[in-house]
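What follows is one structure encoded as structure tokens, with my remarks underneath.
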Ligand SMILES: NC(=O)c1ccc[n+]([C@@H]2O[C@H](COP(=O)([O-])OP(=O)(O)OC[C@H]3O[C@@H](n4cnc5c(N)ncnc54)[C@H](OP(=O)(O)O)[C@@H]3O)[C@@H](O)[C@H]2O)c1
């Protein structure tokens, strides 16, 4: 029987690539998306697809129950991929914008994880994969809310890994740098909704941010296709000892190293330049 994998955020980018790639590897995929029309597209591709919005506890409980029923409680892996980036200087972030960022990237993600863990513990095996970010390792100006959410995910992932020792359930954090997806398009939307750029002391800097978000980054030498993440996730699901962390892209390797060796102010100077 093929191993079952539940993936959040399969409407685009990394999640869609993971759903397709892992299905090709023989996994039974439960592909989820937040919007009904994206669920229809996934069904049209032959996926077992469900609507899942991490901002809704009810929805999380309903979907996990459905998936656990369909797999007879034998869900092998959960890939926590769904998230978005709230761009904006820390002093321009409203409580609502911060709360929304954490609802999706942290609280919903952890609630979904907690909903599948009892079945994994009972089965004596399972894999939890958090798609984190290089911005879960270091911070960059204008990315405070997103970085805070990914730092929180890193902490929860590390805690969970230690608390699950002996259960047969393994936890991995995947740390991509720039990857081709709709991430920037989606970040531009939440920026425009939640940040009053013209009234900010950072108004000039925001013009550059808008330019950056309008550029998909496809031709940047550091930007990789989503298949680069797929390779690491395949390992996290198939290795007898999954790694606690998987770095993806050169910037992740560089900053993963530099944060360990450089004094904070020197690291700051590099990160400020972006
Ligand atoms: N692309 C990068 O450069 C990069 C770098 C580092 C880490 N990451 C991480 O990679 C993961 C995937 O992002 P991506 O690059 O593939 O971006 P993407 O193309 O924007 O995909 C993000 C997915 O998350 C979904 N999502 C967002 N909030 C949600 C919520 N509350 N409930 C359910 N689904 C939600 C989106 O759904 P909608 O379509 O409905 O918005 C979409 O399916 C994220 O965790 C991101 O932080 C990406």
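Data for the structure
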| item | result |
| --- | --- |
| Checking residue 218 against (1) part of a helix (DSSP H, G or I); (2) within 14 Å of the ligand (Cβ to nearest atom); (3) over 18 Å from residue 144 (Cα atoms), the condition it does not meet | (1) |
| Answer residue from the range 79-89, given it is in contact with a helix residue (DSSP H, G or I) (Cβ under 6 Å, 6 or more places away or on another chain) and assigned to a loop (DSSP other than H, G, I, E, B) and is surrounded by the fewest Cβ atoms within 10 Å (Cβ to Cβ) among those | 84 |
| Pair list, Cβ < 8 Å and 6+ apart or interchain, from the range 234-254 residues that are over 13 Å from residue 174 (Cβ atoms) and in contact (Cβ under 8 Å) with a residue 24 or more places away in the chain to residues that are in a loop (DSSP other than H, G, I, E, B) and within 16 Å of the ligand (Cβ to nearest atom) | 250/177; 250/222; 251/177; 251/178; 251/222 |
| Of the criteria (1) within 25 Å of residue 79 (Cα to Cα); (2) at pLDDT 95 or above; (3) within 14 Å of the ligand (Cβ to nearest atom); (4) in contact with a helix residue (DSSP H, G or I) (Cβ under 8 Å, 6 or more places away or on another chain), which one residue 191 fails | (1) |
| Count - residues of the range 104-137 that are farther than 21 Å from residue 52 by Cα and within 12 Å of the ligand (Cβ to nearest atom) | 5 |
| The range 222-243, residues that are assigned to a loop (DSSP other than H, G, I, E, B), away from the ligand (no atom under 14 Å from the Cβ) and surrounded by fewer than 17 Cβ atoms within 10 Å (Cβ to Cβ) | 239, 240, 241, 243 |
| Residue match in the range 198-206 (condition: within 16 Å of the ligand (Cβ to nearest atom) and either surrounded by fewer than 19 Cβ atoms within 10 Å (Cβ to Cβ) or part of a loop (DSSP other than H, G, I, E, B) (or both)) | no |
| Hits in the range 56-78 (condition: under 27 Å from residue 232 (Cα atoms) and part of a loop (DSSP other than H, G, I, E, B)) | 71, 73, 74 |
| Residue pairs meeting the criteria (Cβ under 6 Å; at least 6 apart or on separate chains; first closer than 16 Å to residue 233 by Cβ, in the range 161-176; second surrounded by 14 or more Cβ atoms within 10 Å (Cβ to Cβ) and at pLDDT below 95) | none |
| Close pairs from the range 88-101: first over 20 Å from residue 198 (Cα atoms), partner at pLDDT 95 or above and not in a helix (DSSP H, G or I), Cβ under 6 Å, at least 6 apart | 101/86 |
| Restricting the range 18-47 to residues that are touching a strand residue (DSSP E or B) at 6+ places or on another chain (Cβ under 9 Å), touching a residue at least 60 places away in the same chain (Cβ under 8 Å) and part of a helix (DSSP H, G or I), the residue that is surrounded by the most Cβ atoms within 10 Å (Cβ to Cβ) | 18 |
| Residue in the range 1-17 that is modelled with the lowest pLDDT, counting only those that are more than 13 Å from residue 34 (Cβ to Cβ) and more than 9 Å from the ligand (Cβ to nearest atom) | 1 |
| Which listed residue is under 23 Å from residue 173 (Cβ atoms) and more than 14 Å from the ligand (Cβ to nearest atom), from 101, 86, 25 | 25 |
| Residue that is surrounded by the fewest Cβ atoms within 10 Å (Cβ to Cβ), among those in the range 141-178 that are assigned to a loop (DSSP other than H, G, I, E, B) and away from the ligand (no atom under 12 Å from the Cβ) | 166 |
| Residue match in the range 48-67 (condition: away from the ligand (no atom under 13 Å from the Cβ), under 27 Å from residue 242 (Cα atoms), in contact with a strand residue (DSSP E or B) (Cβ under 6 Å, 6 or more places away or on another chain) and touching a residue at least 60 places away in the same chain (Cβ under 8 Å)) | yes |
| In the range 49-69, residue nearest to residue 8 (Cα to Cα) [restricted to those that are buried (at least 16 other Cβ atoms within 10 Å of the Cβ) and more than 19 Å from the chain's Cα centre (by Cα)] | 67 |
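The values are calculated or read from the model by the stated rules, or taken from the named source; none is laboratory data. This structure is a prediction, so every number in the text was calculated from the model and none was measured. As a convention, Cβ positions derive from the backbone with ideal geometry for all residues, glycine included, and neighbour counts pool all protein chains shown.
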